[in-house]
Structures are given as structure tokens and as C-alpha cells.
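Trainee: The structure follows.
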Amino acid sequence: MYKKPPTDVVEGVVREVMDELLVVDCQYHLAQIVTGRLEAIDPAYKISGQRLRKIVANMDGYGLEVHCRTSHVQKPYQSCPVCGSTLSPIKNETLYGWEVTIGQKCMRCPFWTGEDRRVPVKYVFHKKRKRRRIRSNKKRKK
């Protein structure tokens, strides 16, 4: 038997792992590492790569890169294949003033798709760095 770990426990383990590694270039590898740490907490805890990806996509301070291939299937997605949230249309205006939908984008993660359907094939997880603002000691001339 296995138990599904609570989301807050998974987030804590992901924070520990990402603080150590900074970048994990494969969903499978991240799932293996996180599952090992979860089993140290409770041997019955297991997590799928898909659930782990959705949890990381919703965490603040952690990023996700999505590498895709193209498919010629014209059917639009009903929800984001990366994080499961809703997709909003990407619209453009023609020279005649008509509004045309040219693709879809996710509002939560970096996934987007165009006329040719993009299918996610690889995920790269990373810890976001805080950008420091560098200020000059010189005063601006008016």
C-alpha cells in the first residue's frame, strides 16, 4: 500500500532538494529524489511525476522550463498539459480589424501553443534567483 503525501510536505521536500541542487533537468530525476526523501519521512509515501510537476508549477520562487515538440493536430487543448490550469487565447487583430485567435497560453506556467500544437516532452526545474537592483552613487544630471 502507499499513501499520497500532503501538498505542504511535498513542497517542503522540494524546497530542500532545490536549495541543494538549484537545477534538475528531468521530471523523472526530480521525482526519484523527492520520492526517496518522502520515503524517509514515511515509507508509504509515493508521488507521481505529474503531481510533482503541478505542485512545483504552483510554488513561488521555483521555475519550470517546458521543452516541446510540434504536432500537426489542430484540436485545441481544454486545459494546460503542464499544470492543469485553464488556457487563455492569444488574439491578434488583422488589417481589416477582425480579431483572430492564433494560439493559447497558460496564465500560471510558461506553456503556450500556436497553430501547430506544441506537446511538452521535457521539463527543467530551477530555483528562481532574486534580482538585485544595482544603484549608482552618481546623481543624474538634469
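Trainee: Test of understanding: among ARG37, ARG69, which residue is charged (D, E, K, R) and surrounded by 12 or more Cβ atoms within 10 Å (Cβ to Cβ)?
Mentor: When all the criteria are applied, what remains is ARG37.
Trainee: Could you please find all residues in the stretch 72-82 being surrounded by 12 or more Cβ atoms within 10 Å (Cβ to Cβ) and either within 22 Å of VAL24 (Cα to Cα) or in contact with an Asp or Glu (Cβ under 7 Å, 6 or more places away or on another chain) (or both)?
Mentor: Scanning the stretch 72-82 gives CYS80, PRO81, VAL82.
Trainee: Among the residues of the stretch 10-19, are any surrounded by fewer than 12 Cβ atoms within 10 Å (Cβ to Cβ), at pLDDT 95 or above and more than 15 Å from LYS127 (Cβ to Cβ)?
Mentor: So in the stretch 10-19, the residues surrounded by fewer than 12 Cβ atoms within 10 Å (Cβ to Cβ) come out as 19.
This time we only want the ones that are at pLDDT 95 or above, so: none.
No - not one qualifying residue is present in the stretch 10-19.
Trainee: Of the residues that make up the stretch 126-140, is at least one more than 30 Å from GLU20 (Cβ to Cβ), modelled with pLDDT of 90 or more and surrounded by 11 or more Cβ atoms within 10 Å (Cβ to Cβ)?
Mentor: Looking for residues that are more than 30 Å from GLU20 (Cβ to Cβ), modelled with pLDDT of 90 or more and surrounded by 11 or more Cβ atoms within 10 Å (Cβ to Cβ), one finds none in the stretch 126-140, hence no.
Trainee: So, one more: If I ask for residues that are among the basic types (Lys, Arg), in a strand (DSSP E or B) and within 21 Å of LYS128 (Cβ to Cβ), which ones from the stretch 68-116 would you list?
Mentor: First, pick out the residues of the stretch 68-116 that are among the basic types (Lys, Arg): 69, 75, 91, 105, 108.
After this cut, where a residue has to be in a strand (DSSP E or B) as well, the list is 69, 91, 105.
Answer for the stretch 68-116, where residues must be among the basic types (Lys, Arg), in a strand (DSSP E or B) and within 21 Å of LYS128 (Cβ to Cβ): just LYS105.
Trainee: Go through the residues of the stretch 56-65 one by one and say whether even a single one is on the phi > 0 side of the Ramachandran plot, surrounded by 12 or more Cβ atoms within 10 Å (Cβ to Cβ) and at pLDDT below 95. Spell out the reasoning first.
Mentor: Residues of the stretch 56-65 on the phi > 0 side of the Ramachandran plot: 61.
Those left that are additionally surrounded by 12 or more Cβ atoms within 10 Å (Cβ to Cβ): none.
So far as the stretch 56-65 goes, no, none of its residues is on the phi > 0 side of the Ramachandran plot, surrounded by 12 or more Cβ atoms within 10 Å (Cβ to Cβ) and at pLDDT below 95.
The values are calculated or read from the model by the stated rules, or taken from the named source; none is laboratory data. Computed from a predicted structure; not experimentally measured. Neighbour counts run over all protein chains shown; Cβ positions are idealised from the backbone, glycine included.
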